[in-house]
1. So Ser35 clears everything in (1) surrounded by fewer than 19 Cβ atoms within 10 Å (Cβ to Cβ); (2) under 18 Å from the mean Cα position of the chain (by Cα); (3) outside any helix (DSSP H, G or I) except one condition, right? Which one?
2. Can you pull out the residues in the range 73-87 that are surrounded by 19 or more Cβ atoms within 10 Å (Cβ to Cβ) and in a loop (DSSP other than H, G, I, E, B)?
3. Could you list, ordered by first residue, the pairs with Cβ atoms under 9 Å in which the first is in the range 130-146 and closer than 16 Å to Thr98 by Cα and free of Cβ contacts under 8 Å to residues at least 60 places away in the same chain and the second is of a type in the set (Lys, Arg) and surrounded by fewer than 16 Cβ atoms within 10 Å (Cβ to Cβ), at least 6 apart or interchain?
4. Is there any pair with a first residue in the range 175-186 that is of a type in the set (Ser, Thr, Tyr) and a second that is surrounded by 14 or more Cβ atoms within 10 Å (Cβ to Cβ) whose Cβ atoms are under 6 Å apart and which are 6 or more apart or on different chains, and what are they?
5. Could you check the range 45-72 and list, in sequence order, the residues that are assigned to a loop (DSSP other than H, G, I, E, B) and of a type in the set (D, E, K, R)?
6. Quick one: how many residues across the range 102-141 are in a loop (DSSP other than H, G, I, E, B) and at negative phi?
7. Which of the residues spanning the range 112-131 are among the charged types (D, E, K, R), under 15 Å from the mean Cα position of the chain (by Cα) and surrounded by fewer than 18 Cβ atoms within 10 Å (Cβ to Cβ)?
8. Which one of these is under 11 Å from the mean Cα position of the chain (by Cα) and of a type in the set (A, V, I, L, M): Leu153, Leu92?
Amino acid sequence: MKVSVSLFLVIILILPLKSVSQQNYLFTTIVDANSVPVDSVFRLDLSKNKLIEFPLAILKFKNLKELYLSKNKLTELPQNFHVLNQLEVLDLSKNKFTKFPISLCSVTSLKQLFMGRNQMTVIPECIGQLKELVVLDIWYNQIDGLPNSISNLKKLKNLDLRGVNFNSITQAKIKALIPWCNIEFDTGCDCAN
């Protein structure tokens, strides 16, 4: 009886540790992620894979909390990207996006969004839907301003706009929209004035 109770206690104590470690495990290929049940994939890093198209197989991992796709050659996300409705961290930095993917605006669970060093020219109004965002990194893009809806992001703490050529008037306007946020700017360029 004592052996059974001891074995039961060991199992009870070990199982939660295994599930926690599973949540912390970072898969680095879709093949590896496919080797476990799809609902147990929480973190996936496909950075530096020379991807030119978003791998649609990712969309079956509906419990994903972190997705790293930096340093690829992606230009768009699928329309149904919103099925990743548990996603909290998304890194799309150093890709080839010329437009902000509108499908991101429906992933309202996002807390950290990294889209620096792309080629985007406009940040859409729908960004105001991402009310859980704490970190927004859009450094080194070719944008000329931010939409007024950025003021809806009341939890935003850090906004990286380095490498974006905003004049001092535009910088002041952005600061006025989100005064609670730490914003990183380069020195304002009033070159055209």
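The values are calculated or read from the model by the stated rules, or taken from the named source; none is laboratory data. Since the model is a prediction, treat every value here as computed from it, not as a measurement. As a convention, Cβ positions derive from the backbone with ideal geometry for all residues, glycine included, and neighbour counts pool all protein chains shown.
1. Every listed condition holds for Ser35 apart from (2).
2. Scanning the range 73-87 gives Leu74, Leu77, Leu84, Leu87.
3. Trp139/Arg162; Tyr140/Arg162; Gly145/Lys173; Leu146/Lys173
4. none
5. Lys48, Lys50, Glu53, Lys62, Lys65, Lys71
6. Matching residues across the range 102-141 total 22.
7. Residue satisfying the conditions is Lys131 alone.
8. On inspection, the qualifying residue turns out to be Leu92.
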